[in-house]
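Since the structure comes first, as structure tokens, the remarks are kept for the end.
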Amino acid sequence: MEMKADVVREAPELPPPPKTALVPFDFSECSWAGLEAARILARRRGLRLELVHVDEGPPAWLSQNEGSTAEVEAVGGYYAGLEGKLKAAAAATPGAGCRVLDGNPAEVLRRLAGGGAADLIVIGSHGYAGVKRFVLGSVAEALVHAAQIPVLTVHRAPEAVWPARILVPMKFTEYADRALLHAVEWADALGAKLSVVHVLEGEGAEREENSALDGHLEAMLGPERFRAMGRIVMAGDPPEAILKTAENGRFDLIVLASHLRPFWKDAVLGTTAERVIRHSKIPVLAIPSRSKSILE
């Protein structure tokens, strides 16, 4: 019997590595967690950090003597104090930039990201107990919906060697493929182990789905990368299954696709990506489903 020669596939075209990370910082505990993750990436990936504090204005008591010299000095001192605190936070990272800006945090940060100020956002975010809980979105969640660039949300500071194990939820869609290619780029750059999880929402057909997933991944990434990655096919509610897999497998980063949409639509959050981002105990890197924002 004649043996067929192995098909030689070109290496997948991976996205360019990030060079500059925008790090929103409001001096809260969760923003310190985001900064620590950004510092790890600055050290391991050579990222330049740009710390930004967006302030919605000085407290009212500073403006009691409106237009007076005392008020001008008080407001000036207020912003100088913020700048000094921000520079102190950035001091541990050589080359980090600092900016104090006025305005609505989500809107200002979106404009900065859309204007090419960075190619990655690293932001601390509050987590919520219970995967079924739905509340109004935070600034981090708004950025995930609106930013044209990847957004890394962090609930707690990661370990110094983070990330070591990356999990990618996988569907047979173009936007899931895009997220996977970003995950491959991160895994290659950081020497991390990469695994994909495909969640079946119905009963049966697991063998067929497993075979289809393997064929798709091998065709997309080539035999070598395909053999090196972990593959999980399971049934269940997608966000719960993804979070459980991440916890049981001791993964320390989830990479998934997110969908762009205007801020006013994020009052009700129910997609798989949104629920994972909100309730994950580990950092989540959200990759926009399209490169061009619908908000410009």
Suppose each label sits 7 Å from its Cα in the direction of the beta carbon; what would the Phe172-Glu73 distance come out to in nanometres? 7.2
Identify the residues of segment 137-153 with backbone N under 18 Å of a label point that sits 7 angstrom from the Cα of Arg99 along the Cα-to-Cβ direction, or state none. 140, 143-144, 146-152
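Each reported figure results from applying straightforward, stated rules to the coordinates on display, with no laboratory input. Everything quoted here is computed from the prediction, not taken from an experiment. Every residue, glycine among them, receives a Cβ derived from its backbone with ideal geometry; neighbour counts consider all protein chains shown.
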